[in-house]
Amino acid sequence: MKITDIASLPVGENPHQVDARVAYDTEHAMAVVITLQPGEELKKHITPVDVFFYVLEGTGVVEIGDEEEVVGKDQLVESPAGIPHRWFNRSEAPFRVLVVKVPKPTKGTRIL
């Protein structure tokens with residue numbers, strides 16, 4: 001058994017310049033916990049694999065393709081491969097989301 005303390009993981013470098021910590025990384029899948037402070041957002045980008053997002057804390061706005069929705073704790077959002085997407089924190093509190101990429105991408109994310 002392996003137990004990971006997410007808060008103790010280092011913040012990884014990323015093009016979005018936000019708190020992103022790799023929580024799980026194997027040959028089959030990858031999971032990252034992203035924390036957006038009030039006013040922070042991700043740049044619009046495209047991933048080469050399907051992604052699902054599970055909201056851990058707070059309220060955020062997700063944009064996938066031409067759709068935009070406000071989501072909160074314990075909601076799961078699916079994002080298909082090849083569709084532009086991004087997150088915004090327009091609230092007054094931190095927003096945390098678990099990002100799971102399956103299968104693990106062999107190509108990088110493309111920033112738009």
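The values are calculated or read from the model by the stated rules, or taken from the named source; none is laboratory data. All values derive from a computational prediction rather than experimental measurement. Heads up, the Cβs are rebuilt from the backbone with ideal geometry, glycines too, and the neighbour counts pull from every protein chain shown. These accessible areas exclude ligands, DNA and RNA; they are computed on the full protein's heavy atoms, side chains included. Shrake-Rupley method; radii C 1.70, N 1.55, O 1.52, S 1.80 Å.
Observations on the model:
- For region 52-59, the criterion of being open to solvent by 70 Å² or more (accessible area, probe 1.4 Å), in contact (Cβ under 8 Å) with a residue 12 or more places away in the chain, closer than 18 Å to residue 28 by Cα and in a strand (DSSP E or B) is met by at least one residue.
- When residues of region 10-51 are limited to those that are in a strand (DSSP E or B) and among the hydroxyl-bearing types (Ser, Thr, Tyr), the one most open to solvent (accessible area, probe 1.4 Å): 24
- Selection of region 7-43 for residues being of a type in the set (Val, Ile, Thr) and touching a His at 6+ places or on another chain (Cβ under 9 Å) yields only 34.
- Of the strands (runs of 3 or more DSSP E) lying entirely inside region 63-111, those carrying at least 1 residues that are acidic (Asp, Glu) and open to solvent by 40 Å² or more (accessible area, probe 1.4 Å) are 67-72, 76-79.
- Every pair of residues 6+ apart whose Cβ atoms lie under 6 Å, when the first sits in region 4-33 and is under 15 Å from residue 47 (Cβ atoms) while the second is among the aromatic types (Phe, Trp, Tyr) and open to solvent by 40 Å² or more (accessible area, probe 1.4 Å): 31/24
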